[in-house]
Each structure stands twice: as C-alpha cells, then as structure tokens.
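The next block holds one structure in the form of structure tokens; read it before the comments.
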Amino acid sequence: MAHLCPRDGAELRIGSGALAEDVCARCHGRFLDTAATHRLFVDILGIRPELLPELARAGTPSMSCLGCGARLAQTRARGVTVDLCPSCGSSWLDGGELARLAKDVVEEIRVGQ
C-alpha cells in the first residue's frame, strides 16, 4: 500500500532516500520507519535511544503516523523541529530537515515527480 504525504497528499517514493526513507517528490518531506529513525537519531546524531520515546511523549501532537496511525509529536532535536511517533518509533521530517540534522553526514536525496 502506498503512503501519501501528510503535507500535500502526493504519493511517497518508497525507500528512495539516503536512509531508505520514503520521500515526497513534491515537498521533499520524508517518512522514516523505526529502523531509519534509529539510524538517524541514535547512530548518526548520537542521541541515546531511551531519549527518543521521551522526546516524543514531551512533544506537541501533530499529524498521524504513516507507520501505525498514532499521533506524531512535534519536538525539537538539535535545533530542528521534527515529528516523532511515541508508539512505533518512526518519524516525519519536512523537506530540508534531514540535511539540517545530519549536516555533513547524510545528503538529502531529492527525487523527481
């Protein structure tokens, strides 16, 4: 089943990003499943894994998670506002947020329509 972008309704390109995340060709937003979220926040950014659920629980409710349907929580990480799922551990990053979070480590791959 295809995921649709929660920002503009466009179909996401499955696994097309640098972390194998799903990418919106229109707005360049990204859905990171649990594994990709862990890789970004824990392995690349060095955030302790036990802090991710805490960040999500402390955030402001936002859109529905594309992974499990729970409400994502908008929170700040490294000065960037991100949407984390307190239920399944996935995340949504708006266009440009991956590049700002992982500057000089991960290049934000752009996909065409």
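Nothing in this text is a laboratory measurement; each read-out follows from the coordinates by a stated rule. All figures in this text were calculated on a predicted structure; none of them were measured in a lab. As a convention, Cβ positions derive from the backbone with ideal geometry for all residues, glycine included, and neighbour counts pool all protein chains shown.
Taking a sphere under 15 Å around the Cβ of Glu11 and counting the other residues whose Cβ falls inside, with K and R at +1 and D and E at -1, yields a net charge of +1. The stretch 62-78 and the stretch 1-57 have Cα centres separated by 10 Å.
Within the shell defined by Cβ-Cβ distances under 13 Å, the residues around Ala35 carry a net charge of -3, with Lys and Arg each +1 and Asp and Glu each -1. When peptides 23-33, 50-60 are ranked by their average number of other Cβ atoms within 10 Å per residue, the highest-first order is 23-33, 50-60. Here the peptides 5-18, 80-93 are ranked by packing, the mean other Cβ count within 10 Å, and the order with the highest first is 80-93, 5-18.
Taking a ≥ b ≥ c as the square roots of the eigenvalues of the Cα gyration tensor of the chain, is the shape rounded (a/c under 1.5), prolate (a/b larger than b/c) or oblate? Since a/c reaches 1.5 but b/c is at least a/b, the shape of the chain is classed as oblate.
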